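Values in this text are rule-based calculations from the coordinates and carry no lab data. As the structure is a computational prediction, the values presented were derived from the model and not from experiment. With ideal geometry, Cβ positions are generated from the backbone for all residues, glycine too; neighbour counts draw on all protein chains shown.
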Amino acid sequence: MPSLKDLKNRIGSVKSTQKITSAMKMVAAAKLRKAQEQALASRPYTSLMDNIVSKIASKASGSSIDLLAGKPENKTHLLVVFSADRGLCGGFNGSITRTVRSEVKKLKDDGIEVKLLMVGKKSADALNRDFGELFVEKIDGKSAKPNYSDAEVLAKKIIDLFEDGQFGVCKVIYNKFVSAITQEVTFKSLIPVEVKQNEIEQDNSSSIYDFEPGEEEILNDLLPRNLATQLFSSQIESTASELAARMTAMDNATRNAGDMIDNLTLQYNRTRQAVITKELIEIISGAEAL
């Protein structure tokens, strides 16, 4: 049985931890509001960009633009993985890591080679032991502050690798923000571009558009921008999801610390009462002996 001093020290330690988790919850909640607004505001723009690309791509059927169609003959896939640079955010990083492991195994079973471009430290560290030889690059320190210029740099790296024949298909894996307690692991094809079939059907049944300059020239300029936009949107969604997961995890940790303090306080009081009772019995027994 622990002594009264041990119990008192443990209660003090748990109270200190509770203060830290409570502060981290408040910080994450304050940052989440801005990140959530940014994520929700970016979705209409990203969706409209998808629609524009789909509409123009439907007119450029049979186009030789590689970014639009990919390189089916190249049996190598590049996975761009967004995770966090910090921990203490529940299952946020674990869900991404498990999904990447599963996807790599699935692709290898199908005879497809895989390369990984890791954005965020935690999943990269978790996957380094098993898949370190597959890493194309590991980028740290970008998860907390999404920036479009960083997305443009990343898009340029991906395009350079693609043009160099390093891969034929590129997908991004990230956590999409759904709510403060729900984040959804999402796949999205970057190369080839996901063309929405309903946009093609709607465009074929509506007015006929003439593009000036031609569709291929527009797509040559638009597709790199679309790639950067999709990467930036993925980073924004991932950041909002990370903050939501951290807020929820720290809230649960604070509650658990409160329950532990209550249990330890009850155990402390019972132990203290037992010590007092024992001392009283010893005093009474000694008095009767005299």
- Message: Charges at C-beta only: +1 for Lys and Arg, -1 for Asp and Glu. How large is the resulting dipole of region 89-199 about its Cα centre, in Debye rounded to 20?
- Response: 440 debye
- Given the convex hull of the Cα atoms of region 123-182, what is a quarter of its surface area in nm²? 5.7 nm²
- Message: Set the bar at 32 Å for Cα to Cα. Now go through Lys19/Lys105; Lys19/Lys115; Lys25/Lys176; Lys15/Lys176; Lys59/Lys106; Lys31/Lys59 and name every pair that lies beyond it.
- Response: Lys19/Lys105; Lys19/Lys115; Lys15/Lys176; Lys59/Lys106; Lys31/Lys59
- Over the chain, what is the relative contact order in whole percent, taking alpha-carbon pairs under 8 Å and six or more residues apart? 33 percent
- Message: Run the Debye formula on the Cα coordinates of region 1-80, all scatterers equal and no solvent, and tell me log10 I(q)/I(0) at q = 0.17 1/Å.
- Response: -0.90
- From a point 7 Å beyond the Cα of Asp160 in the direction of its Cβ, which residues of region 217-256 have a backbone N at a distance under 16 Å? 228
- Task: Note down the nm distance, to one decimal, between modelled labels 7 Å out along Cα→Cβ at Asn147 and at Gln273.
- Result: 6.1 nm
- Note on the structure: When the charge dipole of the chain is computed with +1 at the Cβ of Lys and Arg and -1 at the Cβ of Asp and Glu, the Cα pointing farthest to the positive end, of Leu280, Ala35, Leu223, is that of Leu280
- Query: If you count the DSSP beta bridges with both ends in the chain, what percent of them are antiparallel, to the nearest 5?
  - Reply: 35 percent
- Message: Full-extension gain between Ala289 and Glu194, please, as 0.36 nm times their residue separation minus the C-alpha to C-alpha distance.
- Response: 24.9 nm
- Query: Quick one: what Rg and Dmax do you get for region 32-114 from the alpha carbons, in Å?
  - Reply: 17.7, 49
- Scattering curve values for the chain, log₁₀ I(q)/I(0), Debye with Cα scatterers, q = 0.08, 0.10, 0.12, 0.14 Å⁻¹: -0.48, -0.65, -0.84, -1.04
- Task: Would you compute, from DSSP H runs of 4+ residues alone, the mean residue ellipticity of the chain at 222 nm, taking -39500 (n - 2.57) per run and dividing by the full residue count, rounded to the nearest 500?
- Result: -23500 deg cm²/dmol
